[in-house]
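Student: Next up is a structure, given as structure tokens.
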Amino acid sequence: MTSPQPERTLTYAAELTREDVRAVETFLNTQLGRVHEEVGETGETSFAMRSLFILVSDSAGFLHTLLRLERPERWQRAAIVREWQRLRSTAHPFNHCEGFDHDRWWKQVRHYDVSDERAEQERILRYVGDAVLDEGRGPAA
């Protein structure tokens, strides 16, 4: 009996691999390079394209560094989510192009793992509960 294929769609940033980062960076560099060729080497649009190359490279480099950590701290987990979202969101407008991994990159990743997701839900419930309590108290006398 064979075991089912693991889910390819990323749900949490903890599922990211360095290969994921490399793949989206390569895809973006290919797409940006294609556009840069059309734009040429001079002018404001060319400068913007070079800036995008730098941002993609910096974001991917930072993410590679963070993914090497065995137990990232809370701020590092948040940075992993943010940097992945930055790369994924940059790639998303090119989703019609060959090489875009719809299965892996389509869904927005909002949390590092299930425990971070639960913690956020609990903070929201506490906030909503506090707001309801404050509303019930009325204006301070």
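Coordinate-derived values only; no laboratory data. Just so we're clear, the structure is a prediction, and the values are computed from it rather than from any experiment. So basically every Cβ, Gly included, is an ideal-geometry build from the backbone, and we count neighbours across all protein chains shown.
Student: Convex hull volume of the Cα atoms in the chain, per residue, in Å³?
Tutor: Considering the Cα atoms of the chain, their hull volume per residue is 196 Å³.
Student: Among 85, 30, 67, pick out the residue whose Cα is farthest towards the positive end of the charge dipole of the chain, where Lys and Arg carry +1 and Asp and Glu carry -1 on C-beta, about the Cα centre.
Tutor: About the Cα centre, the residue reaching furthest to the positive side is 67.
Student: Could you quote the convex hull projected area for the stretch 10-59, Cα atoms only and averaged over all directions, in nm²?
Tutor: Over all viewing directions, the stretch 10-59 projects a mean Cα-hull area of 3.8 nm².
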